[in-house]
Amino acid sequence: MRKIVDIRPLKRELRAKYRKIRENMDPAQKKEFDEAIFKRMVASPFYQDARTLLCYVSTPIEVDTIGLIQHAFSEKKTVAVPKCLDRSGKMAFYAIQSINELKEDTFGLLEPDPSVHACVSDFSGALCILPAFAFDTEGYRIGFGKGYYDRFLQRFNGVKVGICYPSCIANKLPHGRYDVPADYVVTPKYILTIKKQEDHENG
């Protein structure tokens with residue numbers, strides 16, 4: 001009988017490790033990386049082909065997504081950002097027209113207002129940007145530990161993209177049987193392709 005290993009303690013350690021790397025990053029270096037990731041992202045066929053961008057609103061230690069969201073607006077894409085609806089891991093995406101429409105929650109995170117913004121349920125032609133402290137070469141990630149994206153990705157069939165700094169790319173990260181990898185990971189210097197675009201088109 002196969003022994004079940006609890007990988008949660010290891011994930012917690014890695015989360016702390018990569019958080020520290022992010023927090024100690026030189027601001028000028030971070031800005032340079034953010035700009036390079038942005039340029040690679042908007043030039044990629046998977047971004048250009050997407051009709052809808054599902055994107056988290058970045059915090060200071062994350063790869064900047066504000067520029068990407070603004071670019072998607074200029075390209076007339078539908079832009080939807082996430083809101084955590086309860087403590088059980090339920091999350092939904094809401095369409096916005098401007099960053100200025102978002103409100104700060106109790107943790108200072110910018111979120112949409114479900115009473116004002118329309119919930120997006122049609123994910124055809126959608127690209128989802130995955131938040132994470134780190135990614136590995138197979139597309140698996142160390143997320144923030146709440147499980148919201150893990151649950152969402154179980155029902156999302158669109159393109160999944162990680163954006164990541166070089167110091168936060170690992171050869172192999174621990175992952176469970178229900179973890180869903182990214183299809184692409186965009187770094188300042190290259191795009192790691194885990195699942196080719198034609199694979200999406202064929203199934």
So THR59 ticks every box in (1) within 17 Å of the chain's Cα centre (by Cα); (2) modelled with pLDDT of 95 or more but one. Which box is left unticked? (2)
Matching residues, segment 134-166, being touching a helix residue (DSSP H, G or I) at 6+ places or on another chain (Cβ under 6 Å) and under 11 Å from PRO181 (Cα atoms): ILE142, VAL159
Going by the conditions given, is LYS195 over 10 Å from GLY139 (Cα atoms) and either modelled with pLDDT under 95 or over 17 Å from the mean Cα position of the chain (by Cα) (or both)? no
Which residues, taken from segment 52-61, are surrounded by fewer than 18 Cβ atoms within 10 Å (Cβ to Cβ) and either touching a Lys or Arg at 6+ places or on another chain (Cβ under 8 Å) or among the aliphatic types (A, V, I, L, M) (or both)? ILE61
Surrounded by fewer than 21 Cβ atoms within 10 Å (Cβ to Cβ) and either β-branched (Val, Ile, Thr) or more than 19 Å from ALA118 (Cα to Cα) (or both), is that true of LYS76? no
State whether the residues of segment 17-28 include one that is surrounded by fewer than 14 Cβ atoms within 10 Å (Cβ to Cβ), modelled with pLDDT under 95 and assigned to a loop (DSSP other than H, G, I, E, B). no
Sort through ALA28, ALA36, ALA16 and tell me the only one that's hydrophobic (A, V, I, L, M, F, W, C) and closer than 22 Å to ILE69 by Cβ. ALA36
What number goes with the only condition from (1) among the aliphatic types (A, V, I, L, M); (2) farther than 25 Å from PHE33 by Cα; (3) modelled with pLDDT of 95 or more that LEU85 does not pass? (3)
Hey, does segment 68-77 have a residue that's outside any loop (DSSP other than H, G, I, E, B), small (Gly, Ala, Ser) and closer than 18 Å to SER167 by Cβ? no
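A quick yes/no check of all residues on (1) acidic (Asp, Glu); (2) at pLDDT below 95; (3) in a helix (DSSP H, G or I):
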{"site": "MET1", "(1), (2), (3)": "no, yes, no"}
{"site": "LYS11", "(1), (2), (3)": "no, yes, yes"}
{"site": "LEU14", "(1), (2), (3)": "no, no, yes"}
{"site": "GLU32", "(1), (2), (3)": "yes, no, yes"}
{"site": "ALA36", "(1), (2), (3)": "no, no, yes"}
{"site": "ARG40", "(1), (2), (3)": "no, no, yes"}
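The values are calculated or read from the model by the stated rules, or taken from the named source; none is laboratory data. The structure presented is a predicted model; accordingly, all values stated were derived computationally and were not measured. Glycine also receives a Cβ, built like all others from the backbone with ideal geometry; neighbour counts cover every protein chain displayed.
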